[in-house]
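Please treat every number below as a calculation from the coordinates, not as lab data. The shown structure was predicted, so the numbers you read here are calculated from the model rather than taken from an experiment. Ideal geometry is used to build each Cβ from the backbone, glycine not excepted, and the neighbour counts take in all protein chains shown.
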């Protein structure tokens with residue numbers, strides 16, 4: 001008994017300092033669900049060791065728009081559109097560390113007490129909020145990077161079917177398995193591979209869905225139509241038609257290295273990308289700007305204002321940011 005208690009104490013300590021592994025988190029979550037006594041012990045332990053940030057009631061509200069979830073079958077997740085900027089780096093890092101710990105703690109509460117956990121334990125969803133990116137390892141060892149405001153859903157049993165549903169943008173490095181294909185499902189088409197590297201963009205508010213192949217080969221399927229792709233090719237589906245072009249594939253996946261690359265992109269789409277990237281709201285009052293194309297590249301350490309200042313050299317507009325997290329372009 002003392003040994004088991006000691007093991008739980010170790011899990012709790014590692015959970016609070018952020019060093020808990022995925023399988024350990026599941027073990028801790030299962031233990032919490034065993035009894036109300038375990039649940040109370042967990043809450044009291046957290047409150048005692050992190051009293052400055054862990055009040056469960058406040059945590060629910062504070063993290064409603066900042067958490068990144070890894071939850072089974074959760075569809076009612078709020079989208080955060082908030083980010084913090086114009087702060088000293090010291091203060092920024094303090095807030096970021098508090099939010100990160102809160103996200104980890106809240107994820108375990110959700111994992112432990114969501115009613116869907118019992119209904120479908122093999123189902124998993126990973127989501128990023130605006131202003132966030134994440135990297136995850138899938139059950140077969142494949143790696144996926146999620147861009148801001150994106151989500152993937154999959155069954156954790158990959159033994160017979162490796163399938164991932166995507167909303168948003170993701171970059172995949174798929175483990176090779178000649179006997180078990182890997183499939184990415186989007187609203188417009190499916191992508192079938194056996195082992196390769198590729199990027200997929202499928203945001204609901206974009207007028208197109210596209211995939212860019214970096215390495216290997218992929219097969220794009222839509223109904224009876226099948227299109228094979230080679231490295232360096234980009235396939236876009238828009239207005240009911242497919243269009244395949246040669247591109248610099250690494251530029252299409254530069255986002256995962258914290259770079260924003262635009263090549264002849266309409267300003268309307270740039271606005272949506274910047275909103276997701278920086279977690280701000282951008283209102284364009286000068287609608288004539290929306291059809292203008294822009295080419296340029298930026299690093300993530302540049303603020304939204306530095307990006308807009310650079311774009312002003314090529315596009316005529318003014319902006320103000322009098323309201324918090326809101327930019328008005330005139």
Region 202-305: equivalent-ellipsoid semi-axes (sqrt of 5 x gyration tensor eigenvalues, Cα, Å): 27, 17, 12
Residue 259 to residue 13: FRET efficiency via 1/(1 + (r/R0)^6), r the Cβ-Cβ distance, R0 30 Å, to the nearest 0.05? 0.20
Gain in length, residue 163 to residue 207, computed as 0.36 nm per residue apart minus the alpha-carbon separation, to one decimal in nm? 13.4 nm
Extension gain, residue 326 back to residue 179 (0.36 nm per residue minus Cα-Cα distance, nm): 47.9 nm
At a 10 angstrom cut-off on C-beta neighbours, averaged per residue, how do the peptides 165-171, 188-194, 294-300, 264-270 rank from highest to lowest? 165-171, 188-194, 264-270, 294-300
Where labels lie 7 Å past Cα in the beta-carbon direction, separation of residue 38 and residue 188 in nm: 4.6 nm
Label point 7 Å beyond Cα of residue 246 along Cβ direction - residues of region 186-215 with amide nitrogen under 16 Å: 213-214
The Rg/Rh figure for region 258-329, Cα atoms and Kirkwood Rh, to two decimals is 0.91
Could you list 275, 323 in order of exposure, starting from the residue whose Cβ has the fewest other Cβ atoms within 10 Å? 323, 275
Efficiency by 1/(1 + (r/R0)^6): what FRET value for residue 310 and residue 219, r their Cβ-Cβ distance, R0 = 25 Å, to the nearest 0.05? 0.05
Kindly list the residues of region 171-209 that lie in the label zone of residue 238, defined by a backbone N under 15 Å from the point 7 Å along the Cα-to-C-beta vector. 201-209
Expected unfolding gain across residue 318-residue 30 under the 0.36 nm per residue rule, minus the alpha-carbon gap, is 98.2 nm
Give me the percent of DSSP beta bridges within region 134-252 that run antiparallel, rounded to the nearest 5. 90 percent
When the Cα centres of region 207-227 and region 277-330 are compared, how far apart do they sit, in Å? 32 Å
Using only the Cα atoms of region 142-266, each taken as one equal point scatterer with no solvent, compute I(q) by the Debye sum, divide by I(0), and report log10 of the ratio at q = 0.13, 0.16 Å⁻¹. -0.48, -0.74
